[in-house]
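Shown next, in structure tokens, is the structure this report addresses.
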Amino acid sequence: DAISIADLSHHVTTNFPGGLDAEQAATRLAAIVDDRFQPIVRERLERATRHSETRSRGAGGLWRSLAVLSPSFEAFYAEVERIVGVDSVATRSPRELYRAFAAFSDPRATAVLVAGANAWFEQADDWIRTVSDEPVLCLLSRDTLDTHEWVAMVLERVAFSAANWSVCVAAAVAAGRLESKRAVRGLRRAAKEKLGRIEDESRVRVLLSLV
């Protein structure tokens, strides 16, 4: 049987009497969904994405839940195409949808993350961006040729600044973790330009990525 909104709230918050923040609730929801959740997840997603102003706030946990419920990447991809259109993901989608794509190892999922990461790259120098850094963070968790190439591009070409330093540090740390030979030149540049901060040891993590 389909699950109701009241049942959904009960399942998500059970054993958490102090309450959950939005991210904790989203993670909890994705961890417990089963086929009973199918109708409500789809209905809620369609409602949340009907108006652009609710796209980010109204879909917490639902995209990741849909990824869990989908029998294959093809099925998930088809649902994304139907609800928001895959071509719009890089410029319109919230962090939540990128995390859902990151649940799949399919190369087409990686391609979506790369497109989102490239959109971030185009605005890397901007203080106020129209795109999320989430596809970057998801891409950095993958050991793929695309990841190595993207990391190298960022470390070699981005003008490191307060507007982008945290993502650039994450890219440098990922390059070290992945032992990326492609990113060595960029890592040397990052070390020379003192990417990172002393107080939080991020500069040390950048230097260690060269070891």
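The values are calculated or read from the model by the stated rules, or taken from the named source; none is laboratory data. Remember, it's a predicted structure, so these values are computed and weren't measured experimentally. We place every Cβ from the backbone using ideal geometry, glycine too, and count neighbours over all the protein chains shown. Side chains included, ligands, DNA and RNA excluded: accessible areas come from the protein's heavy atoms. Shrake-Rupley method; radii C 1.70, N 1.55, O 1.52, S 1.80 Å.
A compact table of results
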{"quantity": "Square roots of 5 times each gyration tensor eigenvalue, C-alpha, the stretch 103-181, largest first, Å", "calculated": "19, 15, 9"}
{"quantity": "Value of Rg/Rh across the stretch 40-190 [Cα atoms, Kirkwood radius]", "calculated": "1.00"}
{"quantity": "Residue-span extension gain [S72 to K194] - 0.36 nm each, minus C-alpha spacing", "calculated": "39.5 nm"}
{"quantity": "Heavy-atom accessible surface of the stretch 131-211: percent carbon and sulfur, 1.4 Å", "calculated": "53 percent"}
{"quantity": "Highest-first arrangement of 118-127, 61-70, where packing means the average Cβ count within 10 Å", "calculated": "61-70, 118-127"}
{"quantity": "Extension gain (nm, one decimal) between L210 and E81, 0.36 nm per residue minus Cα-Cα", "calculated": "42.4 nm"}
{"quantity": "Segments 200-209, 136-145 sorted - mean Cβ within 10 Å per residue, highest first", "calculated": "136-145, 200-209"}
